[in-house]
Amino acid sequence: MASDGLKLHAADYGRDNAATRARLPVVCLPGLTRNAADFHDLAVLLSSDTETPRRVVSFDYRGRGLSAWDKDPSRYTILVEADDVIAGMAALGLEHAIFIGTSRGGLIMHALAAMRPTLMAAGVLNDIGPVVEGAGLAQIKAYLSRIPQPATWEEAAQNLATAHSKSFPVLSPSDWDDFARAVYVEKRGKLVANYDPALLDGLKGIDLNTPLPTLWPQFEGLGNRPMMVLRGEHSSLLSDETVEEMKQRVPTLRSATIAGHGHAPILHLSGIPEMLRGFFAEVDRQRHP
């Protein structure tokens, strides 16, 4: 339940496994119009690991997935959503966690570092940083403004492959099917994108002819803890130049470029779970040398 009474949903993996209690949990934050389903496969892998299982909680922001839609679309903001995450963690008894933020989820992490810094023990920024490339945001805005309504799951997967296969050449037909089932939901016999269309109102007011605000001070605040950034090889939202400056400003930042992925890398593919496990193990060692 949000502070304003709106009902929110989170997927919780490994909560009842006593073996997860000895380790930091993982909190997953999705992108602008995405939901907890994006993290399902990764969450299963992490929570069922035979050696180092972790509790994993993936949030649906208001207006996405199984969370309620807000009657006031002006409340679909990063600060409100960050406050929702704080409320959700309190309700689930999570005092500290390793955060994984995809796209908008990473921007929410920047806000959380200032609002409630003790919540985040470590963080992974998935294809997002303190500089958002206007060209990439324009692509997202254009795609979301004309996202088709498919008639079948097969058509949904094919539409996504047609739109994104150049950025994600490594995805297989089954990956595109999984992608479709994370993006769409069946309602009253029709497949629709699984979010409140009013979310897109916030994009209408962005003037892409002027430079977007940067978040360098907030990013440097994130750098007070172990951090990792993943960048899709074909990303148009996070540039190589931004990643290099992030590493200069926070020399302890770990980084990886994910071959064959665009914005944003799909976290259960291409060896990413192994990268994350290695980073998590390093965080554990730093907390308990």
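Using a 7 Å offset from the Cα along the Cα-to-Cβ direction at both residue 224 and residue 22, what is the distance between the two label points in nm, to one decimal?
Roughly 3.1 nm, to one decimal.
Using only the alpha-carbon atoms, what does the range 52-122 span along each of its principal axes? Please give whole angstrom values in decreasing order.
That works out to 40, 25, 22 Å along the principal axes.
Using 0.36 nm per residue of separation minus the Cα-Cα distance, give me the extension gain between residue 185 and residue 248 in nm, one decimal. If you can, show how the numbers build up before the last one.
On the way: separation 63, 0.36 × 63 = 22.68 nm, distance 4.21 nm.
Computed gain between residue 185 and residue 248 is 18.5 nm.
Quick check on packing: order 160-173, 102-115, 25-38 by the mean number of other C-beta atoms within 10 Å, highest mean leading.
Details: 160-173: 15.3, 102-115: 23.5, 25-38: 25.4.
The densest-packed peptide leads the list: 25-38, 102-115, 160-173.
Where does the chain land at 222 nm, in deg cm²/dmol rounded to the nearest 500, when only DSSP H runs of n ≥ 4 count, each adding -39500 (n - 2.57), divided by all residues? Before the final figure, lay out each step's value.
On the way: 10 runs with 106 residues, N = 289.
For the chain, the value works out to -11000 deg cm²/dmol.
When only Cα pairs under 8 Å and 6 or more residues apart are kept, what is the percent relative contact order across the chain? Walk me through the numbers before you get to the answer.
Working: 508 pairs, mean separation 58.1, N = 289.
20 percent.
Which FRET efficiency value, to the nearest 0.05, is calculated for residue 212 and residue 86 with the Förster distance at 30 angstrom and r the Cβ-Cβ distance? Walk me through the numbers on the way to the answer.
Numbers: r = 25 Å, r/R0 = 0.85.
Approximately 0.75, to the nearest 0.05.
What's the extension gain from residue 277 to residue 154 if we count 0.36 nm per residue and subtract their Cα-Cα distance? Show your work: numbers first, answer last.
Numbers: separation 123, 0.36 × 123 = 44.28 nm, distance 3.33 nm.
So the chain would gain 41.0 nm between residue 277 and residue 154.
Quote to one decimal, in nm, the extra length available between residue 3 and residue 48 on full extension: 0.36 nm per residue of separation minus the C-alpha distance between them.
Working: separation 45, 0.36 × 45 = 16.20 nm, distance 3.23 nm.
Working it through step by step, the gained length comes to 13.0 nm.
Where in the chain are the DSSP H helices whose C-alpha atoms run 18 Å or more along the long axis and whose mean Kyte hydropathy is at least 0.5? Intermediate results must be reported in sequence, preceding the final value.
Details: long enough: 78-91 (20 Å, 1.39); 272-287 (23 Å, -0.48).
What comes out of the filter, once short or polar helices are dropped, is 78-91.
Taking 7 Å along the Cα-to-C-beta vector as the label spot, tell me the residue 288-residue 12 distance in nanometres, rounded to one decimal.
The modelled label-to-label distance comes out at 2.2 nm.
For the chain, how big is Rg over Rh, using alpha carbon atoms and the Kirkwood form of Rh? Don't jump to the answer; show the numbers that get you there.
Numbers: Rg = 18.0 Å, Rh = 19.3 Å.
Using Cα coordinates only, the ratio equals 0.93.
Roughly how far apart, in whole Å, are the Cα centres of the range 3-20 and the range 246-289?
24 Å
Which of the pairs 7/247; 166/204; 141/190; 71/166; 204/247 have their Cα atoms more than 28 Å apart in this structure?
Check vs 28 Å cut-off fails for 7/247; 71/166; 204/247.
Rg and Dmax of the range 1-137 over Cα atoms: what are they, in angstrom?
14.4, 46
Once the Cα gyration tensor of the range 132-289 is diagonalised, what are the square roots of 5 times its eigenvalues, in whole Å and ordered largest first, as equivalent ellipsoid semi-axes? Please report the intermediate quantities before stating the final value.
Details: eigenvalues 193, 93, 43 Å².
They are 31, 22, 15 Å, listed largest first.
Distance in nm between label sites at residue 170 and residue 143, each 7 Å beyond Cα in the beta-carbon direction?
It works out to 1.7 nm between the two label points.
Taking the Cβ of each residue in 240, 127, 41 as the centre, tally the other Cβ atoms inside 10 Å and list the residues starting with the fewest. Don't skip to the answer; put the middle values down first.
Numbers: 240 12, 127 24, 41 16.
Taking fewest neighbouring Cβ atoms as first place, the list is 240, 41, 127.
What is the fewest-to-most order of 258, 140 by other Cβ atoms lying within 10 Å of their Cβ? Mind showing how you got there, number by number?
Details: 258 24, 140 18.
Ascending number of Cβ neighbours within 10 Å: 140, 258.
Rule-based calculations on the coordinates, nothing more; no lab input. The model shown is predicted, which means the values in this text are computed figures rather than measured ones. Virtual Cβ from ideal backbone geometry, glycine too; neighbours counted across all protein chains shown.
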